[in-house]
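Below: the structure, in structure tokens.
Every read-out reported here was derived from the displayed coordinates using simple, explicitly stated rules and does not represent laboratory data. Bear in mind that the values here come from a model prediction, so they are computed numbers and not experimental data. Heads up, the Cβs are rebuilt from the backbone with ideal geometry, glycines too, and the neighbour counts pull from every protein chain shown.
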Amino acid sequence: MKTIFQWIYKLLKWIAEITGFSYNEINIIVYYILIPALFLYLLSRILKNYTIVLTFICFVFVSLLFIKDFKSFSDQLFKQSVDFLNWFKVIGLNYTQASVVICVFIPLICILFLLYKPKNQH
């Protein structure tokens, strides 16, 4: 798990370096915008109704209009995410393990499920 965590961490750091965003900002963009958008797109594709993903995209854009300082917002949301992942100590997972399970394995399983789920036949 430590190897997966380090690989993802280095990837996000690299993306931060090439985009000019901070690590925390990239983390929030990936885990709170891009991955949910991908889930919703795949779900919309199955349902043949893209209202869900379009509504999410509109929500994100409107939300971004009201966020005055995205860096501060990202730092605060990242801290809350770390607190959430640290909570998993109660079931025996440390921060690294919880990060990999919650932020890598579960999204990957969901994406694979949605990719291979038969499209709605209506």
Need the failing condition index for Lys68 against (1) farther than 22 Å from Ile8 by Cα; (2) assigned to a helix (DSSP H, G or I); (3) basic (Lys, Arg), just the number.
(2)
Any residue that is touching a Ser or Thr at 6+ places or on another chain (Cβ under 7 Å) and farther than 28 Å from Phe113 by Cβ - is there at least one of those in the range 55-72?
yes
So which of Phe61, Phe105, Phe88 is more than 15 Å from the chain's Cα centre (by Cα) and free of Cβ contacts under 8 Å to residues at least 12 places away in the same chain?
Phe61
